Amino acid sequence: MTRTPIQRWRTLATQEASMIKFSLFCTALLMAGASVAAQAEYPTRPIRLIVNSAPAGPVDICARAIATYAGKLLGQTVIVENRPGASGRIGAQAVAKAPPDGYTLLMTLDALLTVNPHVFKGLGDDVISHLEPLSVAGSFGLALTVQPDLGVTTVEEFLRYARSTPLAYSSAGYGSPGNLAFEKLKLATGIEVAHVPFGGSPGAINALLGDQIQVGFLSAAAVQPHIKARKMRALAISSRELDPDLPGVPVMAQLGVESLKDFEAEFAFLVMAPRGMPPDVAAKWDDTLAQVYASPAFQASIASLGMRAPFGGSVEAKSWVNAQIGSWEEVIEKAGITSQ
């Protein structure tokens with residue numbers, strides 16, 4: 001029986017989990033000297049960090065911050081190269097086909113692994129089986145944001161309003177975090193709200209500001225200034241933790257609404273590599289990125305993105321993907337989210 005890309009990913013992940021202690025043991029005993037020597041030599045030339053989205057977006061900004069600080073620690077230039085298109089598949093495929101030597105890496109939204117295989121049915125082994133997470137570069141939630149003119153101040157009031165009045169919500173496109181989070185809300189509560197996709201987060205935010213739509217799940221950091229200016233109102237946060245960018249805004253799952261008690265919509269940035277990277281090179285990146293994430297200067301440089309824990313190495317990244325990889329399948333299927 002033919003297995004899906006996600007099933008193949010899970011098989012690979014399970015095999016890796018069962019082998020990790022044995023691999024570390026063998027590496028320590030049989031490759032200690034060679035590993036130290038290789039780590040001392042790597043890298044000997046510039047490294048490419050391919051971003052599978054457009055310049056100046058959140059993934060790109062985070063990638064450039066990582067490149068700056070990692071490059072200093074590694075003693076080599078880390079060149080950020082944007083390859084957007086096909087919902088991230090173009091950049092991802094370029095990295096999947098690259099040699100697994102540590103000189104070509106990928107910066108991506110986790111949706112590449114957790115969402116795209118469900119939305120793009122033709123997504124095959126060239127991405128899913130040929131890439132592995134190297135690091136999780138922070139996670140983020142979204143803010144359920146409305147026009148102040150609606151006159152609603154809580155999620156409960158919004159749900160009542162939505163059941164009696166035709167509304168439309170904006171997102172950065174089909175399969176985007178805002179689209180997924182709102183469709184999950186619709187499925188949980190039974191409300192009907194039309195979807196108006198835009199070509200990116202700025203378009204979705206501007207549509208709300210321009211009264212083209214009435215509501216959206218939007219980046220908390222991006223809408224913060226508009227909320228302060230009272231041009232928008234945030235009703236709740238989609239993640240399990242409060243967002244420091246929006247103090248006083250409650251978490252969706254803790255509102256006391258029965259249908260939302262398990263609600264969560266959270267996303268992460270991943271650094272990925274072609275599968276088969278040498279253990280010593282992977283260890284070098286684990287150590288380097290741990291230092292980057294611990295740097296107060298790095299944290300300050302990405303504060304505007306609203307990123308928060310977890311920041312971590314390959315173990316944390318694989319754990320995140322394994323936890324999220326099946327979480328969107330039911331939402332996508334029931335909501336009929338497809339590539340347009």
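The values are calculated or read from the model by the stated rules, or taken from the named source; none is laboratory data. None of the values given here were measured: they were computed from a predicted structure. Ideal geometry is used to build each Cβ from the backbone, glycine not excepted, and the neighbour counts take in all protein chains shown. Side chains included, ligands, DNA and RNA excluded: accessible areas come from the protein's heavy atoms. Shrake-Rupley method; radii C 1.70, N 1.55, O 1.52, S 1.80 Å.
Note: relative contact order over the range 208-293, using C-alpha pairs below 8 Å and six or more positions apart, is 17 percent. Under a Gaussian network description of the chain, with springs only between Cα atoms under 10 Å, the residue in Ala111, Ala268, Ala94 that fluctuates furthest is Ala94. The GNM of the chain, with springs linking C-alpha atoms under 10 angstrom apart, assigns the highest mean-square fluctuation among Ala92, Ala290, Ala181 to Ala290. Kirkwood analysis of the range 207-309, using all unique Cα-Cα pairs, places the hydrodynamic radius at 16.6 Å.
All Cα-Cα distances of the chain, cut into 10 Å bins from zero to the largest, leave 5, 25, 32, 23, 11, 3, 1 percent in each bin in turn. Relative to the longest principal axis of the Cα atoms of the chain, the long axis of helix 32-41 lies at roughly 70 degrees. Derived value for the range 177-264: Kirkwood hydrodynamic radius 13.7 Å. Basis is the mean of 1/r over every pair of different alpha-carbon atoms. Each of Arg240, Arg308 has its accessible area taken with a 1.4 Å probe; listed largest first, they run Arg240, Arg308.
Could you work out how much longer the chain between Lys334 and Ala54 gets when fully extended? Use 0.36 nm per residue separation minus the Cα distance between them, nm to one decimal. Walk me through the numbers before you get to the answer.
Numbers: separation 280, 0.36 × 280 = 100.80 nm, distance 2.96 nm.
Once the chain is fully extended between Lys334 and Ala54, it gains 97.8 nm.
Between Gln291 and Ala94, what's the calculated FRET efficiency when r is the beta-carbon distance and R0 is 35 Å? Round to 0.05. That gives a FRET efficiency of 0.80.
For the chain, lysine pairs with C-alpha atoms less than 29 angstrom apart, excluding pairs fewer than eight positions apart on the same chain, total 28.
Please find the FRET efficiency linking Glu258 to Gln299, where r is the Cβ-Cβ separation and R0 is fixed at 25 Å, and quote it to the nearest 0.05. Mind showing how you got there, number by number?
Numbers: r = 37 Å, r/R0 = 1.49.
For R0 = 25 Å, the calculated efficiency reads 0.10.
Arg240 to Lys72: FRET efficiency via 1/(1 + (r/R0)^6), r the Cβ-Cβ distance, R0 41 Å, to the nearest 0.05? It would help to have the intermediate numbers written out before the result.
Numbers: r = 34 Å, r/R0 = 0.83.
FRET efficiency, Arg240 to Lys72: 0.75.
Taking the chain as the reference, fit the longest principal axis to its C-alpha atoms, fit the long axis of helix 155-164 to the helix C-alpha atoms, and give the angle between the two in degrees, 0 to 90, nearest 10. On a 0 to 90 degree scale, this one is about 60.
In percent, rounded to a whole number, the relative contact order of the range 131-232 is 38, using alpha-carbon pairs under 8 Å and six or more apart. Surface composition of the range 33-184: carbon plus sulfur atoms hold 56% of the accessible area, using a 1.4 angstrom probe and ignoring ligands, DNA and RNA. Expressed as a rounded percentage, what relative contact order does the chain have, with Cα pairs under 8 Å and six or more residues apart? Relative contact order here is 25 percent.
Within the P(r) computed for the range 145-196, what percentage of the Cα pairs occupies the region above 16 Å? List each step's numbers first, then the result.
On the way: 512 of 1326 pairs.
Of the Cα pairs, 39 percent sit more than 16 Å apart.
Roughly what angle does helix 58-74 make with the longest principal axis of the chain, taking Cα atoms, 0 to 90 degrees, to the nearest 10? Approximately 30 degrees, to the nearest 10. Of the trypsin sites (Lys or Arg not before Pro) found in the range 40-74, not one falls in a DSSP loop while having at most 12 other beta-carbon atoms within 10 Å.
Tell me the per residue accessible area of the chain using a 1.4 Å probe; a whole number in Å² is fine.
On the way: 15020 Å² over 340 residues.
Here the per-residue accessible area is 44 Å².
Once the gyration tensor of the Cα atoms in the range 265-306 is diagonalised, the equivalent ellipsoid follows with semi-axes of 24, 16, 6 Å, ordered largest first. Taking the 1.4 Å solvent-accessible surface of the range 198-340 as the whole, the part contributed by carbon and sulfur is 50%.
One equal scatterer on each Cα of the range 50-181, no solvent, Debye formula: the resulting log10 I(q)/I(0) at q = 0.12 Å⁻¹ is -0.60.
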